[in-house]
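> Next up is a structure, given as structure tokens.
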Amino acid sequence: GYRYFINAIRPGGLYLLDEPENSLSAGLQVELSQYIRGMARFYDCQFIISSHSPFLLSIPSAKIYDMDSVPVSIVKWQDIPNVRIYYDFFKENAEEFEQ
């Protein structure tokens, strides 16, 4: 999946991506988010992405629309309920990572 994006994205393009994180490991999601950031910043690409991935949602300068709110609103990635669930889970289990 990751190689597909690397091979398909070209400078100056507009890309509509529907949950590109599907079938990608967390590590590849991080790499994809860095690649998308670089293509947007240095190669004039624009991306419209539907995603639940905190790695993609946290791309700097991303404008995130909460489609579940009425009316639709712009939110910070760290305030999205799905992201908060990950945060709470890892915070509650932090000791297991610090052994």
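> Considering amide H positions built from the backbone, and no H for Pro or chain starts, which residues 5 or more places from L17, or on another chain, come under 5 Å of its amide H?
Amide H neighbours of L17: I48, I49, S50.
> Additional query: Starting from the 7 Å offset along Cα-to-Cβ, what nm value, one decimal, do you get for the label separation of F90 and L14?
Roughly 3.4 nm, to one decimal.
> What is the chain's relative contact order, in percent, from Cα pairs under 8 angstrom and six or more apart in sequence?
Relative contact order of the chain: 23 percent.
> On a 0 to 90 degree scale, rounded to 10, what angle separates helix 26-42 from the longest Cα axis of the chain?
It works out to around 40 degrees.
> In a Gaussian network model over the chain where Cα atoms closer than 10 Å are linked, find which of P54, P71, P11 has the largest mean-square fluctuation.
The residue with the greatest mean-square fluctuation here is P71.
> Another one. Among I85, I48, I64, determine the one that fluctuates most according to a GNM of the chain built with springs between C-alpha atoms less than 10 Å apart.
Checking each option, the largest mean-square fluctuation is seen for I85.
> What does the C-alpha gyration tensor say about the overall shape of the chain? Classify as rounded when a/c is under 1.5, otherwise prolate if a/b is larger than b/c, or oblate.
oblate
> Still on this structure, I have one more. In whole angstrom, note down how far apart the Cα centers of the stretch 1-24 and the stretch 54-99 are.
The stretch 1-24 and the stretch 54-99 have Cα centres spaced 21 Å from each other.
> In degrees, nearest 10, range 0 to 90: what is the angle between the Cα axis of helix 81-92 and the longest Cα principal axis of the chain?
Once rounded, one gets 40 degrees.
> Taking the chain, which GluC sites (Glu not before Pro) meet the DSSP loop condition and have no more than 16 other C-beta atoms within 10 Å?
E98
> Loop-only chymotrypsin sites (Phe, Trp or Tyr not before Pro) in the stretch 5-82, please: DSSP not H, G, I, E or B, and at most 14 other Cβ atoms within 10 Å.
The qualifying sites are Y43.
Throughout, read-outs are computed from the coordinates displayed, never taken from laboratory work. This is a predicted model, so every value here is computed, not measured. FYI the Cβ positions are ideal-geometry reconstructions off the backbone, even for glycines, and counts take in every protein chain you see.
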